[in-house]
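The values are calculated or read from the model by the stated rules, or taken from the named source; none is laboratory data. Just so you know, these numbers come straight off a predicted model, no measurement behind them. In this analysis, Cβ positions are derived from the backbone assuming ideal geometry, glycine residues included, and neighbour counts consider all displayed protein chains. Heads up: the accessible areas ignore ligands, DNA and RNA and are worked out on the full protein's heavy atoms, side chains in. Shrake-Rupley method; radii C 1.70, N 1.55, O 1.52, S 1.80 Å.
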Amino acid sequence: MGFAASVILGLAALFAIAWALRAAARATFSGQTRSLAHDIPLTASFGLLVIAIYTFVAIAAPALAPFPEREIVGGQFQAWSAEHWLGTDRIGRDMLSRLIYGARNTVGIAFATTALAFVVGAILGLWAALVGGWLDQALSRFVDALMAIPALIFSLLLLTIFGTSVLTLILVIAAVDATRVFRLARAVAQGIVVMDYIEAAKLRGEGSWFLIRREILPNAMAPLVAEFGLRFCFVFLAISSLSFLGLGIQPPTADWGSMVKDNATLITFGDVTPLLPAGCIALLTVAVNFVVDWQLHRASGLKEQ
Amino acid sequence: MRIALGVGLLFIVSLVIFGATELLPGDLANELLGQSATPETLAALREQLGLNDPAPVRYWNWLTGALTGDFGVSLANGRPISELIGARLGNTVFLALYAAALSVPISLILGILAALWRNSIFDRMANAGALTAISFPEFFVAYILVLWLAQTGLFPSMVRINPTTTFGDRVYMTFLPALTLMLVVTAHMMRMTRAAIINLMASPYIEMARLKGMSPLRIVLRHALPNALAPIINVIALNLAYLITGVVVVEVVFVYPGLGQLMVDAVSNRDIAVVQAVALIFAAAYVALNLLADVLSTITNPRLMHRR
C-alpha cells in the first residue's frame, strides 16, 4: 500500500501549498484582494490551486510531455521506469504524456461544452422569463418533456443518431445540459423581471437584448456562476463516462475516460496505472466543488449582512 | 389524476424518442446499407422496414408494438428485440433492487446519525465523504473496489450469469456492482436525510419533546422522522431513478449482462431500433419512479391528501 500512502502525501502537500499561498496573498495584497484572501477557506484555496495547475498543464502540454501524444514509443504495458515514468499503454504509448495531453483534450472539451450549454440555456431562459406568455409556455413545456428522459440515456440516443465524433459529442451534451441551465436561468430571472427597474427600462423603450444583457444578467450573475461550476462537473463526468463507454472522445486522441477503459485489464493484475486518469477526473471535480461551495457560501453570506 | 399526467408525460417521451430518429440525416435504409446501396436493395429494405409509410403511421405501429412487448427486430443481427431484452431486463432490475436494498437503509441510518450528532467529527467525516463520493466518476469507484476487493479474491470482478445460477450465487457475484452503485447514490440520500431532519429539529414540537426530557434518539425517531418522510421518500425515488442511468456504466465495468450493456453495444453499432426500445424502457422506469415518489409523499402527509 505504498501507493495509497504517496497519494495521501501528495494531497497533503497540495493542501500545504494552498495554505502557504493563501498566507502569502494575505501578506502581499491590500484592499479588496486582501479581504478576499482573508475569507477564503482552506478547501477553496486548495480547489483554486488544483484548477490553476490543471489549466497550466492543459496550456503547456506540448512543453511538459516527454513524448508525443499519439506515437508508439515502447513495448506494450511496460512497467514504471526512469524512461517511461508511468509505463506505457496497451499499444506502447507513453502513459505520462497521454495523461498530460488528456488534461488539454478532456478538460478543454468539457469546458467548451459547458460554455455552449450555458450561452444557449441562459439566453433562452432569460428571454423566456422576460417575454413570458406563449413563448415561455412553449419553451418550458418543451424542456420539461426533454428532462423527463434521463440525461445519459438521452445523450446515448442522440449519439446513435448523429454518430460519435467530438463535434457531435459537444453539441449533444450541450443540448442536454442546456435544458437544465434553462430551468435555472428562467427561475432566477422570473424574480427579476417583475422589478420596478425593469419596468422603467421597458418604458424607456429598451429592446429585449438590452434588457437581458444590461438589466437582468448582472443581477442573476451569482447563482449562474455557481451553476456554471456545478454544470461543469456534470458535463465533465458525463463526457468521461461516455468516453469510458467508448462513445465519446475517440482514439488516438488522449482522453482520461477512454484511457481507463483501454488499460482496464491491468487493474485485475493489481496495477494502479489505469486508475490515474480516473483519479485526475475525480480530483478536478472535487476541486471545482470546493470552489463552488465557497462561492455559494459567499453569495448567501452577503445577503445576510 | 396524477397517473393520467404520468401517462401523458410518457406519451410525450415516446414521441421525443421516436421523433429523434426522424432527425436522422438521409434515411435509415441509406444509412444502414452505406456504400453498398443499390436502388433495388434500398427499395427492398425501405419496404421491409416500413419506411414508405408516413411518420405518424410508423409511430403508431411502433408504439402499439412496444405496448404489447413487440419492439421489432434489431437492425444489426435481425433478431427480435424483445428476445434480446427479455433476460437482460430481469438482470438489470435485480441489480438496481439489490443496490437499493443496500443503500436505502444505510443512507437513512447515516443521515439520522449525522443529524443527531450534528457538527461532530462523525458528521464532518460523513459530509466530506459524501461530497467526495458525489464527485467521483462511477467507473473510478468501481475500479477502486475491484483493486481492493477482487484482488484479494474475496469477490469476482466479472459477473457471469446463466440460467443455472442459484440466487445465493447471484447475490454473491453481483455484490461488487451493487456496492459501487450503493456508494454512488448513498451520498446524496444521506445528505438529504440529514438536511430534512435538521430542518425539523427547530420546530416547536421538537422543543417540547426535548423539554419533556425525551432522549435525542427517541425525538428523532418518533417525532422528526415521520414528518421528514415526504422529502426523504422523494430523494430516495429520485436516486433510484438515478440508479437506472448509473447502471449503464457499472454494467460495462463488470461485464454484467444487463440492459445498459445492450444499449452501449447498440449505440456503437448504431442499431437504432434497439436503442429506441431500451431508451423507452429506461425512460418509462424513470417517469414511473418519479410518479411513485409524488404519490407516496402525498400519502405520508395528510395535509397534502386533503388539499383544496
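Sort through A:Val181, A:Val176 and tell me the only one that's within 30 Å of A:Gly246 (Cβ to Cβ), buried (at least 19 other Cβ atoms within 10 Å of the Cβ), under 24 Å from the mean Cα position of the chain (by Cα) and within 14 Å of chain B (Cβ to nearest Cβ). Sole residue among the options that is within 30 Å of A:Gly246 (Cβ to Cβ), buried (at least 19 other Cβ atoms within 10 Å of the Cβ), under 24 Å from the mean Cα position of the chain (by Cα) and within 14 Å of chain B (Cβ to nearest Cβ): A:Val176.
When the stretch B:250-308 is filtered for residues that are charged (D, E, K, R) and outside any helix (DSSP H, G or I), the ones remaining, listed by number, are B:Arg270, B:Asp271, B:Arg307, B:Arg308. Within this structure, B:Tyr286 fails the test of being surrounded by fewer than 22 Cβ atoms within 10 Å (Cβ to Cβ), within 14 Å of chain A (Cβ to nearest Cβ), under 17 Å from the mean Cα position of the chain (by Cα) and hydroxyl-bearing (Ser, Thr, Tyr).
Quick one: in the stretch A:143-159, of everything that is among the hydrophobic types (A, V, I, L, M, F, W, C), over 16 Å from B:Val248 (Cα atoms) and more than 7 Å from every other protein chain (Cβ to nearest Cβ), which residue is least open to solvent (accessible area, probe 1.4 Å)? Ranking the qualifying residues of the stretch A:143-159, first place goes to A:Val143.
Evaluation of B:Met214 against the conditions (1) crowded, with 17+ Cβ neighbours inside 10 Å; (2) more than 9 Å from chain A (Cβ to nearest Cβ) shows that the sole unmet condition is (1). Selection within the stretch A:244-267: residues that are β-branched (Val, Ile, Thr) and open to solvent by 10 Å² or more (accessible area, probe 1.4 Å). The member of this set that is farthest from the other protein chains (Cβ to nearest Cβ) is A:Thr253. Scanning the stretch A:32-91 for residues that are farther than 26 Å from B:Leu131 by Cβ, among the acidic types (Asp, Glu) and within 27 Å of the chain's Cα centre (by Cα) returns A:Glu69, A:Asp89.
Only one of the numbered conditions (1) touching a residue at least 40 places away in the same chain (Cβ under 8 Å); (2) touching a Ser or Thr at 6+ places or on another chain (Cβ under 7 Å) is not met by A:Arg183, and that is (2). The listed residues are A:Thr164, A:Thr179, and the only one of them that is out of contact with any strand residue (DSSP E or B) (no Cβ under 7 Å at 6 or more places or on another chain), over 17 Å from A:Val131 (Cβ atoms) and not in a helix (DSSP H, G or I) turns out to be A:Thr164. Taking the residues in the stretch B:128-146 that are at pLDDT below 80 and more than 7 Å from every other protein chain (Cβ to nearest Cβ) as candidates, determine which candidate is least open to solvent (accessible area, probe 1.4 Å). It comes out as B:Ala133. The residue that is most open to solvent (accessible area, probe 1.4 Å), among those in the stretch B:107-126 that are of a type in the set (S, T, N, Q) and out of contact with any helix residue (DSSP H, G or I) (no Cβ under 7 Å at 6 or more places or on another chain), is B:Asn119. For A:Asp89, indicate whether it is among the acidic types (Asp, Glu), touching a helix residue (DSSP H, G or I) at 6+ places or on another chain (Cβ under 9 Å) and open to solvent by 50 Å² or more (accessible area, probe 1.4 Å). In short, no.
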